[in-house]
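Chemist: Below you'll find the structure I mean.
Derivation of every value follows stated rules applied to the coordinates shown; laboratory data play no part. Computed from a predicted model, the values in this text were never measured in an experiment. No Cβ is skipped: glycine too gets one built from the backbone with ideal geometry, and neighbour counts run over all protein chains shown.
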Amino acid sequence: MNVSAILAGTLLAGTTLLVGCDQSSPAPASAAPLTTPAAAADATCGAQGWAAQSGGTLGGGTATPTVVTTYAQLKTALTTATVKVVQVNGTITIPSGGRISFQDQSGKTLFGSAGARLVSADQTASGSGIIYMKRCSNVLIRNLIFEGPGAYDVDGQDNMTVDACTRVWIDHCEFRDGVDGNLDFKNTTDLVTVSWTKFAYLKAPRPDGPGGSDDHRFSNLIGSGDDATADRGKLNITFARCWWAPGCVARMPRVRFGKVHVVNSLFNSTSATSGVQAGFEANLLVQNNVFEGLRRPIDLMASNSTAVQVTGNLFTNVSGNAAGNGRTAFTPPYTLSVLGASSVKAAVTASNGAGATIGGNTCTNSGI
């Protein structure tokens, strides 16, 4: 299918509401952190994009939230399968070596009240990281800030890693200053939507990491290696209305194998050496985004991608490659409301735009 056909099926410029979403949901919570469970009725809208496939993604739905304010409470709630909705209030510090292993669960929501943060200060290989999610399905993570200690190339942990999971929706979150990366996906993970989410590096990178890179502010890795051939047919991910913000150097995202749709997102890190990176057998549709001040906004790497289609984007003050590889990408099996590129920056940077900006578990502003 040509570009015009793709856009004709997706273009509903200017709208930001979910198709089929209950628009009568209550307004987002106030700026003060909640101390009691938030109303669960807000979270009745399912994901769009890839996470809408094969039954969709609703997480824990309208189950009564379990409120957590300490690390011990958070770990217990995340690792207890009968707890379906977890509400984070305030700032929770992850202790050294305390990365939470969230495994083998289905139908779960983790969300934050206004200002909620999960923070790690450990830069060691074994002690870093916040959450490692493995073999989970139908998971929703919303309105949380994941804050690491800053990039340091010690083969450490990401703020969050998603491993062998399916049907995952990450909405209105912020991932910043991860040691190895901000948010990575690997090992047959599939059917993921990342919407209205911000990636940034605010802290100076620690130099002289033994891994060989003095500046490892690499945000998002999709696929762990060219030899991970079980990933063929998997790693299908939508990034919509996201923001790769100042401080990001590369991997925005870096893709192997998957059919990845990067749409209506903003890239404005002048630190960048590469923006979207097309790796081994990647099939990329880069549609109606805004790239400002980047070097090499589209990195074709070793030129061994399946397809890199770049259409409808706005490039301002960029240098290096901004084109695809001449091959037509996959046709998404879903319909989104796609903004014209000229409207993207205002939407993504608005007060209720990309980042933890909605104050709770509401999908009122989660449409794409």
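Chemist: Grab the Cα-Cα distance for residue 135 and residue 103, subtract it from 0.36 nm times how many residues apart they are, and report the gain in nm with one decimal.
Modeler: 10.9 nm
Chemist: Could I ask something else about it? From the phi angles alone, apply the Karplus equation (6.51, -1.76, 1.60; θ = phi - 60°) to the range 149-163 and give each ³J(HN,Hα) in whole Hz, x where the residue is Gly or Pro.
Modeler: Using θ = phi - 60°, the values come out as x, x, 6, 7, 7, 10, 6, x, 9, 7, 4, 9, 10, 10, 10 Hz.
Chemist: What's the FRET efficiency of residue 328 with residue 224 using the Cβ-Cβ distance as r and R₀ = 30 Å, to the nearest 0.05?
Modeler: For residue 328 and residue 224, the calculated efficiency is 0.65.
Chemist: OK, next. Quick one: pull the percentage of alpha-carbon pairs in the range 3-349 with a separation above 35 Å.
Modeler: 16
Chemist: Using amide H atoms built 1.01 Å from N in the peptide plane, name the residues 5+ places from residue 329, or on other chains, whose amide H lies under 5 Å from its own.
Modeler: Those lying under 5 Å, H to H, from residue 329 are 309.
Chemist: Out of the chymotrypsin sites (Phe, Trp or Tyr not before Pro) in the range 132-211, which ones are loop residues according to DSSP with at most 15 other C-beta atoms within 10 Å?
Modeler: Listed in order of number, the matching sites amount to none.
Chemist: If you don't mind, another one. 222 nm [θ] for the chain, helices only, -39500 (n - 2.57) per DSSP H run of 4+, per residue, to 500?
Modeler: The helix contribution divided over the chain gives -1500 deg cm²/dmol.
Chemist: Short version: ³J(HN,Hα) in whole Hz for each residue of the range 211-226, in order, from phi by Karplus 6.51 cos²θ - 1.76 cosθ + 1.60 (θ = phi - 60°), x for Gly and Pro, what are they?
Modeler: Here the 3J(HN,Hα) series is x, x, 10, 7, 9, 9, 7, 9, 7, 9, 9, 10, x, 8, x, 5 Hz.
Chemist: Per 0.36 nm of contour for each residue apart, how much would the distance between residue 79 and residue 44 grow if the chain were fully extended, relative to their Cα-Cα spacing?
Modeler: Net length gain for the segment: 10.3 nm.
Chemist: Which of 108/234; 203/234; 75/345 have a Cα-Cα distance over 31 Å?
Modeler: From 108/234; 203/234; 75/345, over 31 Å: 203/234; 75/345.
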